[in-house]
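In what follows, a structure is listed as structure tokens, so that the remarks can point back to it.
The values are calculated or read from the model by the stated rules, or taken from the named source; none is laboratory data. Everything quoted here is computed from the prediction, not taken from an experiment. A quick note on method: Cβ atoms are made from the backbone with ideal geometry, for glycine too, and the neighbour counts reach across all protein chains shown. Only protein heavy atoms, including side chains, enter the accessible area calculation; ligands, DNA and RNA are left aside. Shrake-Rupley method; radii C 1.70, N 1.55, O 1.52, S 1.80 Å.
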Amino acid sequence: MSLLVSDPELLTAYDDVRDDKSETNWAFFGLAAGKPDRLQVSAKGSGGLAEFIQQLQKDTAGWGYVRMNMSNDEYSQRVKFVLIPWCGEEVGIMKRARLSIQIADVKNIIRSYHIEVPASHKNDLDEADILTRLRKAGGANYDRQTSAY
């Protein structure tokens, strides 16, 4: 079943998370009530990963897009984006199956992200773990290191 992703609010929310001048740093894209083939912006906010996690429910499914700031030291700041396919533990089996197909349509909206972190429990979204994964995905490690010499 193809997912309708034509609502202009979808791109507006995606662009808002990506915009350096916007305070919005996360958005959650879910299925419209009573219309399991239509994607909508279910929530967005400026409280970072912690606020994003708070709004997740055991009986909902959707896709999160989170902006995270990384720094190795006081001089380097980098922005990274995380795609979070969320499928709460109480979501039914048929809905779960559809999500694995519908993600291709979602990626027509959420086109740019550094890592994908699938989750079905809130504790799957530990900020330190996600930052570690982002650093590993980034390739070179520019963290300040002390020399043994």
Within 10 Å of each candidate Cβ there may be at most 12 other Cβ atoms; applying that plus a DSSP loop requirement, which chymotrypsin sites (Phe, Trp or Tyr not before Pro) in the stretch 1-78 survive?
Y75
So what's the gap between the Cα centers of the stretch 83-104 and the stretch 7-31, to the nearest angstrom?
20
Of the chain, which part is the longest with no GluC sites (Glu not before Pro) in a loop (DSSP not H, G, I, E, B) and with at most 11 other C-beta atoms within 10 angstrom?
91-149
On the accessible surface of the stretch 36-121, probed at 1.4 Å, how many percent belong to carbon and sulfur atoms?
49
Put +1 on the Cβ of every Lys and Arg and -1 on every Asp and Glu Cβ in the stretch 1-139; which of P8, A97, T24 then has its Cα farthest towards the positive end of the dipole?
A97
Under the rule that an exposed site lies in a DSSP loop and has at most 12 other Cβ atoms within 10 Å, name the longest stretch of the chain with no trypsin sites (Lys or Arg not before Pro) of that kind, not counting the sites themselves.
59-110
Using DSSP, restrict attention to beta bridges with both residues in the chain and report what percent are antiparallel, rounded to the nearest 5.
85
What does the charge add up to near G92, with Lys and Arg as +1, Asp and Glu as -1, over the other residues with Cβ less than 15 Å from its Cβ?
+1
Given the options A137, A119, A27, state which has the largest fluctuation in a GNM of the chain using a 10 Å cut-off (strictly under) for Cα springs.
A137
Enter the accessible area per residue of the chain (Å², integer; probe 1.4 Å; all protein chains in place).
58
So how strong a dipole does the stretch 47-114 carry about its Cα centre when Lys and Arg Cβ are +1 and Asp and Glu Cβ are -1, to the nearest 20 debye?
320
Quick check for me: using +1 on Lys/Arg Cβ and -1 on Asp/Glu Cβ, what's the dipole size of the chain about its Cα centre, in debye to the nearest 20?
380
Tell me, what is the FRET efficiency for H121 and S2 to the nearest 0.05, using R0 = 30 angstrom and their Cβ-Cβ distance as r?
0.55
